[in-house]
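Undergrad: Got a structure for you, written out below as structure tokens; questions coming shortly.
The values are calculated or read from the model by the stated rules, or taken from the named source; none is laboratory data. Since this is a predicted model, take the numbers as computed values, not measurements. Note that each Cβ is placed from the backbone with ideal geometry, even for glycine, and that neighbours are counted across all protein chains shown. Each accessible area value is taken on the protein alone, full model and side chains, heavy atoms only, with ligands, DNA and RNA left out. Shrake-Rupley method; radii C 1.70, N 1.55, O 1.52, S 1.80 Å.
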Amino acid sequence: MWTDPKHMAQWTPPTGFTMKFIRADVKSGGGSFYVMEGNGIKMFGRASYISMQRPNSITYTQQFCDEQENLSRHPLAPTWPATMLTHVTFTEEGKDRTRVTVSWEVHGDHTPEELATFIAGRAGMTGGWTGSFNKLEDYLAAQGS
């Protein structure tokens, strides 16, 4: 569900958005380029996969970009940091149960204003991930998993 673009496109975009991968090489050292659309907004993004240690963790950076894959800013938050670092840890909790822990932080060069925007956006990020995980549960149920 975390490495196959066909599956990722079904559950990772924010609620109300669709996602399409333009390019996807989801592995250590690989990257992806995608577009998300919804609520009258079209945004492009890219991820660079730093580390994938199956079945324990995935670490990647994420950036907003334009349709030519040039670095840009969040379309609704111009002071959002340019690069985010995401670390996902998977911990087995029993048969067919996995605890997923996501940490998200500002990565690389950033201004105090960008860091403040990120900190102020924590509730929205939590809500976004919660919505994605709810969609993942529904998607897994529909897949018979």
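Undergrad: Which pairs turn up if I take residues in segment 48-74 that are free of Cβ contacts under 8 Å to residues at least 60 places away in the same chain and assigned to a strand (DSSP E or B) and look for partners that are among the charged types (D, E, K, R) and surrounded by fewer than 14 Cβ atoms within 10 Å (Cβ to Cβ) with beta carbon separation below 7 Å, at least 6 apart in sequence or on another chain?
TA: Between residues of segment 48-74 that are free of Cβ contacts under 8 Å to residues at least 60 places away in the same chain and assigned to a strand (DSSP E or B) and residues that are among the charged types (D, E, K, R) and surrounded by fewer than 14 Cβ atoms within 10 Å (Cβ to Cβ), the close pairs are 49/27; 52/27.
Undergrad: Turning to a different aspect of this structure: Residues that are surrounded by fewer than 18 Cβ atoms within 10 Å (Cβ to Cβ), more than 13 Å from the chain's Cα centre (by Cα), closer than 20 Å to residue 84 by Cα and among the aliphatic types (A, V, I, L, M): does segment 38-49 have at least one?
TA: no
Undergrad: So, of the residues in segment 88-145 that are of a type in the set (A, V, I, L, M, F, W, C) and in a strand (DSSP E or B), which turns out to be farthest from residue 76 (Cα to Cα)?
TA: 90
Undergrad: Oh, and also: When only residues in segment 105-133 that are without any contact (Cβ under 8 Å) to a residue 24 or more places away in the chain and more than 13 Å from residue 80 (Cα to Cα) count, which is surrounded by the fewest Cβ atoms within 10 Å (Cβ to Cβ)?
TA: If we take residues in segment 105-133 being without any contact (Cβ under 8 Å) to a residue 24 or more places away in the chain and more than 13 Å from residue 80 (Cα to Cα), then 123 is surrounded by the fewest Cβ atoms within 10 Å (Cβ to Cβ).
Undergrad: Of the residues that make up segment 80-87, is at least one open to solvent by 50 Å² or more (accessible area, probe 1.4 Å) and without any contact (Cβ under 8 Å) to a residue 40 or more places away in the chain?
TA: Scanning segment 80-87, I find at least one residue that is open to solvent by 50 Å² or more (accessible area, probe 1.4 Å) and without any contact (Cβ under 8 Å) to a residue 40 or more places away in the chain, so the answer is yes.
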